[in-house]
1. Compute the acute angle (0 to 90°) between the alpha-carbon long axis of helix 181-200 and the principal axis of greatest extent of the alpha-carbon atoms of the chain; round to the nearest 10°.
2. Can you tell me, using C-alpha contacts under 8 Å and at least 6 residues apart, the relative contact order of the chain as a whole percent?
3. Which order do C85, C145 fall in if you start with the one that has the fewest other Cβ atoms within 10 Å?
4. Got a sec? Charge dipole of segment 283-391, +1 on Cβ for Lys and Arg, -1 for Asp and Glu; which of W292, A331, L371 is way out at the positive end?
5. With an 8 Å cut-off on Cα pairs and a minimum separation of 6 or more residues, tell me the relative contact order of segment 170-257 in percent.
6. If we count other beta carbons within 10 Å of each Cβ, what is the order of V148, V243, fewest first?
7. Which residue, chosen from I231, G449, G347, occupies the Cα position most advanced towards the positive end of the dipole of segment 2-482, where the dipole is computed from +1 (Lys, Arg) and -1 (Asp, Glu) charges on Cβ about the Cα centre?
8. Within the chain, what's the longest stretch lacking trypsin sites (Lys or Arg not before Pro) that sit in DSSP loops with no more than 14 other Cβ atoms inside 10 Å?
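The numbers here are math on the coordinates, done by the rules we state, and not lab data. Quick caveat: nothing in here was measured; it's all calculated off a predicted structure. Glycine also receives a Cβ, built like all others from the backbone with ideal geometry; neighbour counts cover every protein chain displayed.
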Amino acid sequence: MTGNRSSFRLWLFAFLGFFLLSASWAIAAPYEGPADESRHTVRAAGIFEGQVIAEQTPEGAVQDVPASLLVNWCFQQKATVAADCLHVRDPAAGEALREESTPAGRNNPAYYVVTSWPLAFWPNWTGVVLSRLLTGVISSALLACAFVAAARWTRSRAMVAGLIVGATPMVFHVNGSVNPQSLEIPAGAALFAAMMALVHGRKAGEGVNRAAVALAGISSAVIVVPRFTGIMWLVGIVLVALVPSSKDRLRELWRSATVKRWSVFVAVATAVGLSWTVLVKPADPSGYDHGWTFGYMARFVVMDLYPNIANQMVAVTGWNDTLMPRLIYVAWFMASGLLVLGGLVVGNRTDRWRLLFLFFGTFAPLLVLELLSANQIGWFNQGRYFLPGAIALPMLGAWIMSRRVLSEEQMGRITRMLAVLLLPIHLVCLAFTMTRWQSGLASINPFKGSWTPAYGSVLPLVLATVAVGITFVVYWRVSGVPVAAEPEPVTEEPVKEPIRAAHS
């Protein structure tokens, strides 16, 4: 019971730090500050008006939504324009219903039903910020689960270092918005950590960690249902953990009743997500023809699109219009390279296979899809689209380094160094983005500007400061060398082979 209470306390403090960081973004941003937010609020409001499957258009679907959620386009994608220009298109209409086409109109309703129900009661700023905070609660809970799995359920705490690197400022920016990707990204981290704990955290004959099985099942469902790309992430992450691995361990997992029950749950969730994708077609091309040649598109991808996507995965906030001070990207890429390239260098053939499969499985499918469909729908990839898989890359690299060459003490030093280097950057990114929304970057003072957050400029920065402090303490504490591996108390006993009677 002591170990169980210790793990829960660890989860609670990690959750608090992650949630406060997500909440700071949620209350600092204007409506439409995060990319695509109004598209998702329109989809959510339409669902609560009974339009789960709405009238489809080439761009998405038409929803009847309260006019109070429909705003003008003025500061989005214009980093030098402050958010004070934003206003409701038809203030006199109040909450009267208006037709609105949204590219998110064909999205699976699951995310919106769970997180955006406040919009049904308050179709205004109150509903938006409550929906953001509910999203932050769930995404932070998943990240905290990934953290506990990395710190408590494996023989090494190395993946904790990878989580520091993988959970970029962009992750928390998205977590503080109305967007189904806010759950998909932390679910990717949780699924990877749970699968590594299940398959590689124990040897054959040591039993099955039922908590890890449950986390893998829940995070799989969160990944696979809301977005059409979820099946790709589910298959990729599971394969990285399973292939290759100990046959005896796999047999032990397969014989587990807990694993079988949760496998059925994941299969049902996958069927639900796949059925929606096939029937409603949320990813169908719009049918335009830009006339671009394949050579032009390939050159644009290599020279412009993908270098910018790398920055976006760290932090190009707003509508991908707010580029951070350049040294932030240098620091984050150095940290990523340390773990990912380090794992590639010191790992054996199997380790390199895992790392390369995860890398190409993260980036290649969406790149190929974009090249095949850009003429019809334009360039659609953004850095955050890759994060459900990319968040696991430094976690895997750190795990390989610890397994092959580094001691627990050395890995702990790396974890602490990364915490010192990277965690303050979260606060810098929030403050810099606030200056963009408040003054259009006319001033670098986050307390001044022509627009001010609804709850003031001080509160988001205070919350973010407290969040960085809490997460720093949590990372620092778990990076110490454990006296002995802490067994997970909730464990299914290994299934024993039946004793067969001897025949004379």
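1. Once rounded, the angle reads 0 degrees.
2. Dividing the mean separation by the residue count of the chain yields 25 percent.
3. Details: C85 14, C145 26.
Ascending Cβ contact count within 10 Å gives the list C85, C145.
4. Value computed over the given set: A331.
5. Details: 77 pairs, mean separation 30.0, N = 88.
Reported as a whole number, the value is 34 percent.
6. Least to most surrounded, the residues fall as V243, V148.
7. Value computed over the given set: G347.
8. 204-447
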